[in-house]
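Below is one structure, written out as structure tokens; comments come after it.
The values are calculated or read from the model by the stated rules, or taken from the named source; none is laboratory data. Given the structure is predicted, the values throughout are model-derived calculations rather than measurements. All Cβ positions, even for glycine, are placed from backbone atoms using ideal geometry, and neighbour counts span all protein chains on display.
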2 protein chains.
Amino acid sequence: MTNAGTSRRRSIGAQRNPESQQAILKAAEAILMEDGLAGFSIEAVARRAHAGKPTIYRWWPSRAALLLDVYHHQKHVERVPDTGSLETDIIAFLTALFGYWRDGNAGAIFRSVIAEAQTDVKATDALRAYVLDRFSQSAEFVRRAQARGEAADWVSPELAIELLAGFAWNRLLTSRLDDNPEELQRLARQISLGLKG
Amino acid sequence: MTNAGTSRRRSIGAQRNPESQQAILKAAEAILMEDGLAGFSIEAVARRAHAGKPTIYRWWPSRAALLLDVYHHQKHVERVPDTGSLETDIIAFLTALFGYWRDGNAGAIFRSVIAEAQTDVKATDALRAYVLDRFSQSAEFVRRAQARGEAADWVSPELAIELLAGFAWNRLLTSRLDDNPEELQRLARQISLGLKG
DNA sequence: CTTGAACGAAACGCCTCGTTTCGTTATGGT
DNA sequence: ACCATAACGAAACGAGGCGTTTCGTTCAAG
């Protein structure tokens, strides 16, 4: 082999090295998982990825940019339930979201993104754009309920989703994801009745 | 005068100096307002307050502790409306909350507290305890609605408030406090119908 | 009247920051 | 085929915040 023993990543010419990019993202995610946002520094990521700091700074303008990139590279679950009933759709939506955040890294990473967005304006803008897009997507099951006549015409599907998502955010940000099924059921009943109009 | 010109604060004996405490809290709040959480360091607060760092470390065990103290020293508005109607109570609640956060410093400081709670576990615990207490207080107007028969017995007033507060948090954390009255009205209508049961 | 704690100020060693410099690698335009 | 150009990891830079210690002082408590 040409590079025996400790094979180091080198430049592959005047172009971005995808291996380095992947190693950096992977290291960043691992650090976020293990030490949280507090340990998430360019320095730490570079060390763990065996990458040079200039390499990171070349491709990501800020800590927030790298953090957002990590978040966007998370694989996301389907969040548009379709059980045929608005009330059970709401339960399914919240249960899936809570589970997605609780199991795995997504919750910890998303908390970090939200925290970063309170400091970095670019992160705020990116987060806002992201959630608005997500709300619009998830609103689909409310629109379906409207089509079925299960929800009144005057309700805004996006606003309804925002209500659910806001509830979930609050639980996430205060470390209260302990998925109480009865509570979710009561909540779903409340909301679905409200949407019925 | 005994201390002409630049009158310096000195020890007043083997006891805490309230003037120093106040100066530190005031400086901390000013920094949060002007530079946000990014510029909020013990070093910066000490400089601005003309205080020694050991004085701060003696009375506040961490940055998070000082931050929470600043937040708790904010004067808070009344958040338990009583208009006689559930729907208008909801509108009043959200309008007051949005206004409280938008005008003045409370919103910026609260965003900082939430961000800090995603990093510091003590801050998470303090925030959780705070919001649960607040939910319980604000739930009063929903309880009144229940007593009037405007809300069903099976709804949880705290859960209803959590829904409203979660919505507000989401708007705050994504910098979307631009108080659209029509939107709030639609939301209030939705929710009050749901609570009616 | 002595002891000891709190005060502001300054300096400590340590760490991370974002940047610069280095030798190396290999692309891409001429 | 050649060579200017750019990306790579590593190391070192100065700047600045970290949390702590030391100092001379002020004054309450015993």
Inset, instruction - Tell me which of these B:Phe167 doesn't satisfy, since it passes every other one: (1) touching a residue at least 24 places away in the same chain (Cβ under 8 Å); (2) at the interface with another protein chain (Cβ under 7 Å from one of its Cβ atoms); (3) crowded, with 23+ Cβ neighbours inside 10 Å; (4) over 26 Å from A:Arg111 (Cβ atoms). - result: (4)
Inset, instruction - Consider B:Val113 carefully, then state whether it is assigned by TED's automatic domain parsing to the domain that holds B:Arg176 and more than 26 Å from A:Leu184 (Cβ to Cβ). - result: yes
Legend entry - Of all residues in the stretch B:38-79 being away from DNA strand D (no atom under 11 Å from the Cβ) and more than 19 Å from the chain's Cα centre (by Cα), the one that is farthest from the other protein chains (Cβ to nearest Cβ): B:His50
Legend entry - Residues of the stretch B:90-149 satisfying the condition of being over 28 Å from B:Ala27 (Cβ atoms) and among the acidic types (Asp, Glu): B:Glu140
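Residue-wise test of (1) within 18 Å of the chain's Cα centre (by Cα); (2) small (Gly, Ala, Ser); (3) more than 24 Å from A:Gly39 (Cα to Cα).
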site	(1), (2), (3)
A:Gly104	yes, yes, no
A:Phe110	yes, no, no
A:Ile114	yes, no, no
A:Gln118	yes, no, no
A:Leu132	yes, no, yes
A:Gln137	yes, no, yes
A:Arg144	no, no, yes
A:Arg148	no, no, yes
A:Ala152	no, yes, yes
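So, in the stretch A:50-82, how many residues would count as being of a type outside the set (Phe, Trp, Tyr), more than 13 Å from DNA strand C (Cβ to nearest atom) and surrounded by 19 or more Cβ atoms within 10 Å (Cβ to Cβ)?
First, pick out the residues of the stretch A:50-82 that are of a type outside the set (Phe, Trp, Tyr): A:50-56, A:58, A:61-70, A:72-82.
Still in the list and also more than 13 Å from DNA strand C (Cβ to nearest atom): A:50, A:68-70, A:72-82.
Adding the requirement that they be surrounded by 19 or more Cβ atoms within 10 Å (Cβ to Cβ) leaves A:68, A:70, A:81.
Result for the stretch A:50-82: 3.
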Inset, instruction - Among what's in the stretch B:170-193 and is out of contact with any Ser or Thr (no Cβ under 8 Å at 6 or more places or on another chain) and not in a helix (DSSP H, G or I), pick the residue that is nearest to the other protein chains (Cβ to nearest Cβ). - result: B:Arg176
Inset, instruction - Please work out which one of (1) surrounded by fewer than 15 Cβ atoms within 10 Å (Cβ to Cβ); (2) farther than 21 Å from A:Glu78 by Cα is the condition A:Ser136 fails and give its number. - result: (2)
Inset, instruction - Taking the options A:Ile91, A:Ile24, name whichever one is of a type in the set (Val, Ile, Thr), in the same structural domain as A:Leu177 (by TED's automatic domain parsing) and surrounded by 15 or more Cβ atoms within 10 Å (Cβ to Cβ). - result: A:Ile91
Legend entry - Yes/no for B:Glu162 being outside the structural domain of B:Gly36 (by TED's automatic domain parsing), crowded, with 21+ Cβ neighbours inside 10 Å and assigned to a helix (DSSP H, G or I): yes
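Among A:Glu43, A:Glu78, which is closer than 30 Å to A:Pro181 by Cα, free of Cβ contacts under 8 Å to residues at least 60 places away in the same chain and not aliphatic (A, V, I, L, M)? It would help to see each step written out before you state the result.
Working: A:Glu43 fails: closer than 30 Å to A:Pro181 by Cα.
Every option except A:Glu78 fails the conditions.
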Inset, instruction - List the number of the failed condition for B:Val155; all other conditions in (1) outside any helix (DSSP H, G or I); (2) modelled with pLDDT of 95 or more hold. - result: (2)
